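Written out below as C-alpha cells is the structure these notes cover.
We did not get these values from a lab; they are worked out from the coordinates using the rules stated. All figures in this text were calculated on a predicted structure; none of them were measured in a lab. When we count neighbours, we look across all protein chains shown, and the Cβ atoms used for this are built from the backbone with ideal geometry, even at glycine.
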Amino acid sequence: MKRMNHRLWCLAVVVFMTSCVPESDSDVSRGANVVRNGGFEQVEAGALPNGWQIVPAYKAKGNAAADETTRHGGQYSLKLTPNSKNSSAAYGVFQMLDVAGLKGKEITISGFVRVEGVSSTPGILLDTGKENWLILPQNTGRKFVSFNKAFSISKSISKAGLLLLVSGTTGNVWFDDVTVGTGEESSAQEDVQIPAAETDNRYVDKINTPGWQDSVYISPDGRELYFAYLPYVQKDFLDLYFGRISEKDVKERGPFRPGSHGKMNFETYKTVRKSGGSWGRPINLNINSTYSLYSVKLSHDGKELYYAIRDYKGNYGGDDIYVSRKLADGKWSKAENMGPNINTKYREDTPCLSADGKTLYFARNKQEMLGWEIMVSHRVNGKWTKAERMGKPINQSRPEKTANYQPFITADGKEFYFTRIQQLYFSRMQSDGSWAEPVKVLPKLPVSGHASVTDDGKYLYFLTAKDKKSLKREHWTIWYSERNKDGSWGEPKVVD
Ligand SMILES: [Ca+2]
C-alpha cells in the first residue's frame, strides 16, 4: 500500500467515523456478531447488498454491486470497482457492528477476496476508534483467496464499523462470505493500547516523505533506525479531496488521523538496514495506539525501549516517559509509565539511557515553547531516583529564556549531544568529569535536532530542514553525517 493511499484511507475513515456514524443502533447486526449479509445473498444482481452503505469519502468514485457471475459459493459476491480519477482515492462500503457484542473480545475477520487489475492495495478496516487493518493481496490471479485475521477489541470502544476498501483507478475486487466472529474475552484492559496482532500490517514506503518526520534515533549497532511519523495533511490535499475541511479546522484541531477522532497522532516506525546497506520498509511498532508515541531509544542490551507519550489519559500531565520491555516474540510490552520520580504534571520527553543502563537523561518543560531543561535520574537497586536538573553548562541559568532538550549521551559516556533552541550542540567530558562549554555540532544548518550516534562513534543521525522553505518543524527530514578523521562531523546527507 502506497503511503498516499494510506493517507487517503485515513481521511476516508475520519469522515466515516465523524460524520456518518448513526448514533442509534437501529442499523447494527445482532446476535452472534456475524456481519449481516456478509455472504451478499439477499440482494438483486447489480444492486448494493442490504446492510451495506458506500463509505462517504468525498470524491472517491466507484461502483459497489452484487455480482452473480463471480462468486465464492452462494449466489452473489460483492464487487467493488474503483473509478476515481486520482489513484489515491479510497472507495468502499461499510456497515456498523454491534458494539456491545465486540467490547473486550478477541474477534476474527475472515472471508474470501478476488482481486484483479487494481492499481492499489485493497483492505478491510475494523474501525473502533483504533485502526484494525487487514491488508489484502493486490492480485489473486482470477481466483478467490481466503483471508483471516484476529484483533483484540478494547472494552472502552463506543462505535465499531467494518469497511471494505479499495483505492485506485482501475480493476475489480470481489468479496464473499465476510464474517466477523467473536471469541473469548480479550486480555485487553480498559483504555490501554492493544498490541496489533501483527506489526507489519501498516507501514510507510519511505523514511523521508511529504509527511512529518520526527524524533529520529539510530540504534547503538547502527542497524535499526527509528522515527516518529505523522501523515501531515497539506492544504492542497484537503482542497483536493475534502474541500469541506478548512485550513482553520486543521489549525484548531490538528491534522487528521483515524482512531483519534479529529486529532492526529505521531506513531513510531522502525526500519532495519538490509545487507546491501539500504534501509528496509519502515514498520509500525506494536506499541503505537491512539496517542502520540515518539522519541524512542533502546537500552544498550536491546531489552528496553524508552519513549514519550503525549497527552495520554494515564499521564501525570502533558507528555510522560514510558518504558516497554522486549517480549519473547520480539514485540514490545505494553507502555509502562516511569512513575512520579520521572514524570510530573509538566511535559517530559526525549529520554536517553546511558550505555550502562544506570542513568536516564530526558527533557522537562514547565512552560510553552521555551523553558526546556535536561533532567537526570539514576537507577539504584532497580528504582529510578527523583530526577534533578543537569547543571551548567548543559542547562543555563535562565531556563525560562532558553530551551535545552533532546539529550543523547554516547556509548563511551564522553560526548553529550542535545538541542538548544533548534540547534544541535554537544559537550565533551573533561578530565575532571565535568562537561565542557557546549558548541554547535552542525553550525551551517539552519535548524537541527534529535541527535543520536552509533556506538562505534562513526555516524550521527538527526533531523534538519533541507532549505529555508522547509523551516517549519513539520517539514524537517532525517539526515546523517559521517565522522571525519579529525573527529568533526562530515557533510550532512539526507537518508533515503
Ligand atoms: Ca508529564
**Complete:** Fewest-first ordering of LYS297, LYS345, LYS485 by Cβ atoms within 10 Å yields LYS485, LYS345, LYS297
**Message:** Need the full-extension length gain, LYS155 to LYS383, defined as separation in residues times 0.36 nm minus the C-alpha distance. One decimal, nm.
**Reply:** 78.9 nm
**Within the range 399-430: backbone nitrogen closer than 15 Å to the ARG483 label point (7 Å, Cα to C-beta)** = 409-417, 426-429
**Neighbour net charge for VAL441 - beta-carbon separation under 11 angstrom, K R +1, D E -1** = +2
**Fill in**
XL table LYS105/LYS159; LYS103/LYS297; LYS303/LYS345; Cα-Cα > 26 Å flagged, in table order, is LYS103/LYS297; LYS303/LYS345
**Prompt:** Expressed in nm to one decimal, what extension gain is obtained for the pair ALA355 and ASP456 from 0.36 nm per residue of sequence separation less their Cα-Cα distance?
**Reply:** 35.1 nm
**Prompt:** Under a Cβ-Cβ cut-off of 13 Å, what is the net charge of the residues other than ASP214 that fall near it, where Lys and Arg count +1 and Asp and Glu count -1?
**Reply:** -1
**Item:** Fewest-first sequence of ASP301, ASP486, ASP214, ASP329 by Cβ atoms within 10 Å of each Cβ
**Value:** ASP486, ASP329, ASP301, ASP214
**Extended-chain gain in nm, criterion 0.36 nm per residue less alpha-carbon gap, ASP496 and ASP329** = 57.2 nm
**Message:** Which of GLU68, GLU373 has the fewest other C-beta atoms within 10 Å, and how do the rest follow up to the most?
**Reply:** GLU68, GLU373
**Asked** For a paramagnetic label modelled at 7 Å from the Cα of SER434 toward its Cβ, which residues of the range 392-418 fall within the zone defined by backbone nitrogen distances under 16 Å?
**Response** 392-397
**Message:** Using just the Cα positions, wrap the range 368-409 in a convex hull and report its mean projected area in square nanometres, one decimal place.
**Reply:** 3.6 nm²
**Request:** Can you pull the one-decimal nm distance between simple spin-label points at ASN139 and GLU474, each 7 Å off the Cα toward Cβ?
**Result:** 3.7 nm
